[in-house]
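Report on the structure given below.
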């Protein structure tokens, strides 16, 4: 005997199938938490650099530092934060996009922290944080 929904039952089955599909598709993304703080070097703020947080897998988050070295990470255009993971942290300065000039010692900073391959700095993001100090010492 075959089960054949009648009349309004088709709409019920279709609604249920759509609900299951939406639930399955929306629950698979990474855990993203808000992250903000200050980039420092020798205890002083590092202004106008872009800080990248590169997780062990997946897309990086990035934030632009203001004149006091403060940043807020963005994961996507519409979502702030960083993936819960261990990150390699590196910094760059894009003259065209920066709100100000590169720090005077940026060549030294870039030589050590300028790419994910060079940077020794690892930061583990476990939960939301609003006062993270990224030390480039």
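Since every read-out is calculated from the coordinates, none of them should be taken as a lab result. Everything quoted here is computed from the prediction, not taken from an experiment. Backbone-built Cβ (ideal geometry, glycine too); neighbour counts: all protein chains shown.
Rounded to 0.05, the FRET efficiency of the residue 96 and residue 127 pair, given R0 = 41 Å and the Cβ-Cβ distance, is 0.75. Got a sec? Which residues in segment 46-60 would a label at residue 67 touch, if it sits 7 Å along Cα→Cβ and we count backbone N under 16 Å? What the label zone holds, given the 16 Å backbone N cut-off, is 46-49.
Once you keep just the Cα pairs under 8 angstrom separated by 6 or more residues, what percentage relative contact order results for segment 32-135? Across segment 32-135, relative contact order equals 35 percent. Here is the tail figure for segment 32-135: Cα pairs spaced more than 22 Å apart come to 21 percent of all pairs.
Kindly work out what percent of the DSSP beta bridges joining two residues of segment 32-135 are antiparallel, to the nearest 5. List each step's numbers first, then the result.
Details: 23 of 28 bridges.
Roughly 80 percent of the beta bridges in segment 32-135 run antiparallel, per DSSP.
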